[in-house]
There are 2 protein chains.
Amino acid sequence: MQAWVIGNWKQNPATSHDVNALLDDLCAAISTTKQMSHDNSARCQIMVAPSFIHLAAVNGRLKDTSILCAAQDVSGHSASVGAYTGDCSAQQIVDAGATWTILGHSERRQYHQESNDTLLQKMIHALSQDLGVVFCIGESQAQYDTKQTLEVIDNQLAVIKEFITQQPELIKALPTRLIIAYEPVWAIGTGKVPTVAEVSATHKHIKQILAGFADSLSNMTVLYGGSVNADNANSFAADPMIDGALVGGASLKADSFLTIATAFSQASI
Amino acid sequence: MQAWVIGNWKQNPATSHDVNALLDDLCAAISTTKQMSHDNSARCQIMVAPSFIHLAAVNGRLKDTSILCAAQDVSGHSASVGAYTGDCSAQQIVDAGATWTILGHSERRQYHQESNDTLLQKMIHALSQDLGVVFCIGESQAQYDTKQTLEVIDNQLAVIKEFITQQPELIKALPTRLIIAYEPVWAIGTGKVPTVAEVSATHKHIKQILAGFADSLSNMTVLYGGSVNADNANSFAADPMIDGALVGGASLKADSFLTIATAFSQASI
C-alpha cells in the first residue's frame, strides 16, 4: 500500500514570495534526496495543501512534479457555483488543479462549528466533482482523558456511513478517493503525541469500522496527524496500521517535511 | 463624492476560463463605453470581488486598469499567519494584490453564523493590514415586516463603534478605508427592491449614526445592495444618499455591471 504524506499549510505562508521559497526548497530537497528517487516517490505520495489564495499558483508550480495539490476545505453549499459569499466550491478547486481536499479538520470543527451534517454535504460536493477527500477525525483532550476516543471517532465516521447511504453511486470511488486522517486534537500543534501503540490501536479500530460499512472499504488508507515531525516520523512509519501522515507545522520546512516522507517511503519497502 | 460600484461574484464563476471571459468582456466594455472615459471612471470607482481561489489571477489581470480588486471575506483568527485550516488572512489577501475586502455579507452571517464579535475581529485584522472594508448590514424580511430595520442596522453598526473604542489609532483610516453596504437581506437575489425613498431614508440614518460615532465619519460612503440591475440603477444613482452599489448576480455580466457603473458615474457629474 502506498503511503501518503500530506502537508497542511493552514493559514501559511503569508506571502507568495514565501510560498515560492517553500516550493523551491521542497523541489530541491526532493531532487537531491536519493531515497526519494522516482520509485520511492511511488511508495510515498507527497501532497501539499496551501491556502485557497495560493492554490492555483502552487498547482501551477507543481504540475510537472510528483507532488499533488489539495485544498484545505470546500464549500458546503454547492459543488459548483452559487450565491455563497466567501466560499470556494469543489468545481472551482478542481478547475484550479487540486485533486484532493482536506475536510473536517479540527480547526474548522472548532472555529467554524462544522457539524457532521455540514461535513456530509461537503463530502458529497467534493466526491461528486471527483475531488478526493482527506477526512479528519479525532478526539479532544477531555474526551481522551475520559476514554471516549473510540466513541468520538465512531460518531465522526458516521458521516461516511451516511454518505454511503445517500450516495450509493459514489461508493466505488471511496477506496481510491477517500483517506482518513486520525488527528487527536490534543496532539495538534502541542508537541504532545500519543504512543505509536495507541495510534496503531486506534487506526485498527478505524479500519474495522470502515470495513463494516462496505466490503470495498476493507483496505482504506488511514494517516496519523498531530505533532508529527522529523524526529518521530520513523516510529510512526514503522507501524503497519499507520499509512502515512498529515503534517502541520513541520510541512512548512521542506527538509523536515521530506524527512517525514522519506521515513514512510522507506518503511513501505 | 466618488461613487463606488462593486461586483460581488460570490461563489462564481466555476472556472478560470469563465473568469477570464468575464474580465475580457468587462475590460472591453469599459474601453468602448464613451461615458466611462477616464474622467468618468474617476467619478465612479469600479471594483470586483472574485472567489479567493481566483483573487491573485484576477488582480494580475486588472493590475493596469482602473478596476480595483477585493476579497469576499477575511480570516477572523489572525491578520497574518497561523494554524487556521481553510482560512485566508488579511496579509495573504493584500499580498495577492487586493486592496479591499467585503465583510459581514448576509450570506456569511447566515451560513457561517458570523456574529458582531467575529466581524469586529475581522475588521481589526483587515484594517490593521490596510485592507479596506466594505461592511455589509441589512435586515431580514421578518425584521422589515415588523419595522425593525433601523434597530437591526444600529445593532450591526455597533461593530464600528466598538472598533473605534478598541482601535483608536485606526480611526483616521476609516473615512477612506471603510464603506458601508446596506443590503436588505430580503432584496438579495430575490428581484424585490425597496423604494428609492426607503433606501434613501435608511442611508440617511446610517450616515447620521456614523457621524455620531466620530466627526471624521460625517461623510461616509454608503452603498445600496440587493437586486440592483441595469434597469433600476439610474433611480438609485439619482438619489444623493446612495453613493453606489454592491452588485451580485448582475456583476457576472459585464454589460449590465457596466450599465450600473455608468449610471452612478453620470449621476455624480
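The values are calculated or read from the model by the stated rules, or taken from the named source; none is laboratory data. This one's a predicted model, so the numbers in the text were calculated from it and none came from an experiment. FYI the Cβ positions are ideal-geometry reconstructions off the backbone, even for glycines, and counts take in every protein chain you see. Remember, those area values only see protein heavy atoms, side chains included, never the ligands or the DNA or RNA. Shrake-Rupley method; radii C 1.70, N 1.55, O 1.52, S 1.80 Å.
Taking A:GLU162, A:GLU151 and ordering them by how much accessible surface each has at a 1.4 Å probe, largest first, produces A:GLU151, A:GLU162. Dividing the convex hull volume of the alpha carbon atoms of the protein assembly as shown by its residue count gives 149 Å³ per residue. Projecting the Cα atoms of A:ALA96, A:GLN129, A:SER235 onto the dipole axis of segment A:3-267, where Lys and Arg carry +1 and Asp and Glu carry -1 at the beta carbon, places A:SER235 farthest toward the positive end.
Relative to the other identical copies, B:GLN2 shows label-point distances of 5.1 nm, where the label point lies 7 Å from Cα along the Cβ direction and values run shortest first. Under the convention that each Lys and Arg Cβ holds +1 and each Asp and Glu Cβ holds -1, the size of the dipole of chain B around its Cα centre is about 220 debye.
Position B:GLN110: other-copy label points at 3.1 nm, ordered by increasing distance, label point 7 Å along Cα→C-beta. In summary, the convex hull built on the alpha carbon positions of segment B:3-267 has an orientation-averaged projected area of 13.1 nm². Once the chain from A:ALA214 to A:LYS172 is taken as fully extended at 0.36 nm per residue, the excess over their C-alpha distance is 14.1 nm. Computed extension gain for B:ASP255 through B:THR15, at 0.36 nm per residue and net of the alpha carbon distance, reaches 84.4 nm. Beta bridges from DSSP with both residues in the protein assembly as shown: antiparallel share about 5 percent, rounded to the nearest 5.
Based on Cα contacts under 8 Å between residues 6+ apart, segment B:3-267 shows a relative contact order of 22 percent. Taking amide H positions as modeled 1.01 Å from N, with prolines and chain starts lacking one, the residues under 5 Å from A:LEU68 and 5 or more places away or on another chain are A:ILE46, A:MET47, A:VAL48.
Can you give me the % of accessible surface on the protein assembly as shown that is carbon or sulfur? Probe 1.4 Å, all protein chains present, nothing else counted. Solvent-exposed carbon and sulfur of the protein assembly as shown make up 53 percent of the total. If the segment from A:ASP117 to A:THR99 were pulled out straight at 0.36 nm per residue, it would be longer than the present Cα-Cα gap by 4.2 nm.
The B-A contact accounts for roughly 3400 square angstrom of buried accessible surface, both chains included, probe 1.4 angstrom.
When chain B is treated as a GNM with alpha-carbon contacts under 10 Å, the residue of B:PRO184, B:PRO240, B:PRO168 showing the greatest mean-square fluctuation is B:PRO168. Over all pairs of different C-alpha atoms in segment B:153-269, the reciprocal of the mean inverse distance, the Kirkwood hydrodynamic radius, equals 14.9 Å.
GNM remark for chain B: springs join alpha carbons under 10 Å apart, and the peak mean-square fluctuation among B:ALA21, B:ALA79, B:ALA181 falls on B:ALA21. For A:THR165, the label point sits 7 Å beyond Cα toward Cβ; its separations from the matching points on the remaining copies run 4.7 nm, from shortest to longest. Less than 5 angstrom separates the built amide H of B:LEU178 from those of B:VAL133, all sequence-distant by 5 or more or on a different chain.
Working note: Karplus 6.51/-1.76/1.60 with θ = phi - 60° gives segment A:162-178 the couplings 5, 4, 4, 5, 7, 10, x, 6, 9, 4, 5, 7, 4, x, 10, 10, 10 Hz, where Gly and Pro are set to x.
Computed from backbone phi, the HN-Hα couplings of segment B:218-232 come to 8, 9, 7, 7, 10, 9, 9, x, x, 6, 6, 8, 5, 7, 9 Hz, rounded to whole numbers (Karplus: 6.51 cos²θ - 1.76 cosθ + 1.60, θ = phi - 60°; Gly and Pro given as x).
Where chain B is carried onto chain A by rotation, the Cβ closest to that axis, with its residue and distance in Å, is B:PHE52, 2.
Among the listed pairs B:LYS172/B:LYS204; A:LYS147/A:LYS192; B:LYS63/B:LYS172; B:LYS147/B:LYS207, those whose Cα-Cα separation exceeds 24 Å are B:LYS63/B:LYS172.
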